[in-house]
Amino acid sequence: MRIGLISDTHNDKERLQRALVRLRSEDITTVLHAGDVTSTETLRLLRGFDAWIAQGNMDREPLLSAVAHELFGPTRFARLHDLIIGQSRIAMIHDSLSDKGRALLASQTYAYLVHGHTHRTRDEKVGPTRVINPGALGQLRWYQPSFAILNLSTGDLRWVKP
């Protein structure tokens, strides 16, 4: 099973739209967004996907949670997600360096920890957990925009430049 990993769109609807077109073209239906969607308008672009969204530090619009609930169901917009997708236990949080992020890694119970916040791609093993940051699609200063596709069956991770 392949899933899309996106983070830090920061209301860049054009880049997010290009990323979503790419995911649809590859028949990917599950998307994990690791935070900083920033607006309900951007959130609505994820309609049609089985989407999970981590609340980021820039996700301050009051209606984000209600719109995510309406579009994807309850608990789809949260600070922390503890998911089982396929055979993999996945944690998703916006900032992996927060106390909560460090506690998730210390628990050594997750196959994957997906996060955003730094706008830098990351793929490293910390104990038994593979830590992945798909990069960012918006508010880029020094980095190229990116997202990722993760094959949970094989562990293959592919970076995509929109």
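The values are calculated or read from the model by the stated rules, or taken from the named source; none is laboratory data. Predicted, not measured: the structure shown is a model, and the values here were computed from it. Here Cβ is always computed from backbone atoms with ideal geometry, including for glycine, and neighbour counts include all displayed protein chains.
Numbers at a glance
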quantity	calculated
Test: G56 is under 15 Å from the mean Cα position of the chain (by Cα), under 21 Å from A19 (Cβ atoms), of a type in the set (G, A, S) and surrounded by 19 or more Cβ atoms within 10 Å (Cβ to Cβ)	yes
Residue that is surrounded by the fewest Cβ atoms within 10 Å (Cβ to Cβ) [pool: residues in the range 72-117 that are basic (K, R) and farther than 23 Å from F49 by Cα]	R102
Residue list for the range 88-144, restricted to those being among the acidic types (D, E) and either at pLDDT 95 or above or touching an Asp or Glu at 6+ places or on another chain (Cβ under 9 Å) (or both)	D123, E124
Residue ranges of strands (runs of 3 or more DSSP E) in the range 1-112 with at least 2 members of a type in the set (A, V, I, L, M) and in contact with a helix residue (DSSP H, G or I) (Cβ under 7 Å, 6 or more places away or on another chain)	50-54, 88-93
Number of the condition not met by W159 [criteria: (1) part of a strand (DSSP E or B); (2) farther than 16 Å from R15 by Cα]	(2)
Cβ pairs under 8 Å, 6+ apart, first in the range 44-55 and without any contact (Cβ under 8 Å) to a residue 40 or more places away in the chain and of a type in the set (D, E), second surrounded by fewer than 23 Cβ atoms within 10 Å (Cβ to Cβ) and assigned to a loop (DSSP other than H, G, I, E, B)	D50/T29
Cβ pairs under 6 Å, 6+ apart, first in the range 103-123 and more than 19 Å from V160 (Cα to Cα), second in a loop (DSSP other than H, G, I, E, B) and not aromatic (F, W, Y)	Q108/G127; Q108/P128
Residues that are surrounded by fewer than 21 Cβ atoms within 10 Å (Cβ to Cβ), of a type in the set (A, V, I, L, M, F, W, C) and either closer than 20 Å to R22 by Cα or touching a residue at least 12 places away in the same chain (Cβ under 8 Å) (or both), drawn from the range 126-162	V126, V131, L140, I149, L152, L157, W159, V160
